[in-house]
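A.B. asks: Before we start, here is the structure in question, set down as structure tokens.
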Amino acid sequence: MPKTFLYFCIVSLLFLACQSLSPIEKHAKHYQQHQDYTSLQQVVELLPEMADTALVVKLLGEPIDMGFDLRYLVDSVGPQDCVIGAVFHYDEAGVVDQKWIDEICE
């Protein structure tokens with residue numbers, strides 16, 4: 001019985017380890033649930049350089065697509081009464097070449 005229990009524990013731990021999310025996936029999931037600044041900021045910081053826009057959409061969901069950048073908004077406005085959000089500018093190949101989070105005043 002002890003060997004069976006030990007085997008069960010090891011298999012359970014391996015299963016849980018395989019199911020755990022990466023840090024960027026955890027923040028992206030939290031952002032999708034709460035649209036909060038902190039989670040979105042972490043995604044912007046952790047997103048690899050030259051990431052494909054498909055990865056951004058996979059992580060954060062459907063964006064506001066401006067045709068040259070993807071935008072994701074948070075649940076608040078900034079000091080200039082403009083919406084706060086992340087902008088992922090992409091090139092012709094669909095690769096993110098600039099990313100930032102701040103007030104978006106237009």
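The values are calculated or read from the model by the stated rules, or taken from the named source; none is laboratory data. Model, not experiment: these values are computed from the prediction. Positions of Cβ are backbone-derived with ideal geometry, glycine not excepted, and every protein chain shown enters the neighbour counts.
A.B. asks: Restricting the first residue to region 82-106 and requiring it to be of a type in the set (Asp, Glu), which pairs with a second residue that is assigned to a loop (DSSP other than H, G, I, E, B) meet a Cβ separation below 6 Å and a spacing of at least six or different chains?
C.D. replies: These pairs meet every condition: 97/91; 103/78; 103/80; 103/82.
A.B. asks: Identify all residues within region 66-83 that are touching a strand residue (DSSP E or B) at 6+ places or on another chain (Cβ under 8 Å) and either over 21 Å from residue 25 (Cα atoms) or among the charged types (D, E, K, R) (or both); write none if there are none.
C.D. replies: Residues satisfying the conditions are 68, 69, 71, 76, 77, 78, 79, 80, 82, 83.
A.B. asks: Could you list, in sequence order, the residues of region 56-102 that are among the charged types (D, E, K, R), out of contact with any Leu (no Cβ under 9 Å at 6 or more places or on another chain) and closer than 21 Å to residue 39 by Cβ?
C.D. replies: The first filter runs over region 56-102 and keeps only residues among the charged types (D, E, K, R), leaving 58, 62, 65, 69, 71, 75, 81, 91-92, 97, 99, 102.
If we keep only those that are out of contact with any Leu (no Cβ under 9 Å at 6 or more places or on another chain) as well, we get 58, 62, 65, 69, 71, 75, 81, 91-92, 97, 102.
Result: 58, 62, 65, 69, 71, 75, 102.
A.B. asks: Quick one: which strands (runs of 3 or more DSSP E) lie wholly within region 41-106 and hold at least 1 residues that are at pLDDT 95 or above and acidic (Asp, Glu)?
C.D. replies: 69-77, 96-104
A.B. asks: Filtering region 20-49 down to residues that are in contact with a Leu (Cβ under 8 Å, 6 or more places away or on another chain) and of a type in the set (Val, Ile, Thr), which residue is farthest from residue 89 (Cα to Cα)?
C.D. replies: If we take residues in region 20-49 being in contact with a Leu (Cβ under 8 Å, 6 or more places away or on another chain) and of a type in the set (Val, Ile, Thr), then 24 is farthest from residue 89 (Cα to Cα).
A.B. asks: Further, regarding this structure: What is the one condition in (1) modelled with pLDDT under 95; (2) assigned to a helix (DSSP H, G or I); (3) surrounded by fewer than 10 Cβ atoms within 10 Å (Cβ to Cβ) that residue 33 does not satisfy?
C.D. replies: (1)
A.B. asks: Return yes when residue 17 is in a helix (DSSP H, G or I), of a type in the set (Gly, Ala, Ser), at pLDDT below 95 and surrounded by fewer than 15 Cβ atoms within 10 Å (Cβ to Cβ) and no when it is not.
C.D. replies: yes
A.B. asks: Separate question: Looking at residue 67, is it in contact with a helix residue (DSSP H, G or I) (Cβ under 7 Å, 6 or more places away or on another chain) and of a type outside the set (Phe, Trp, Tyr)?
C.D. replies: no
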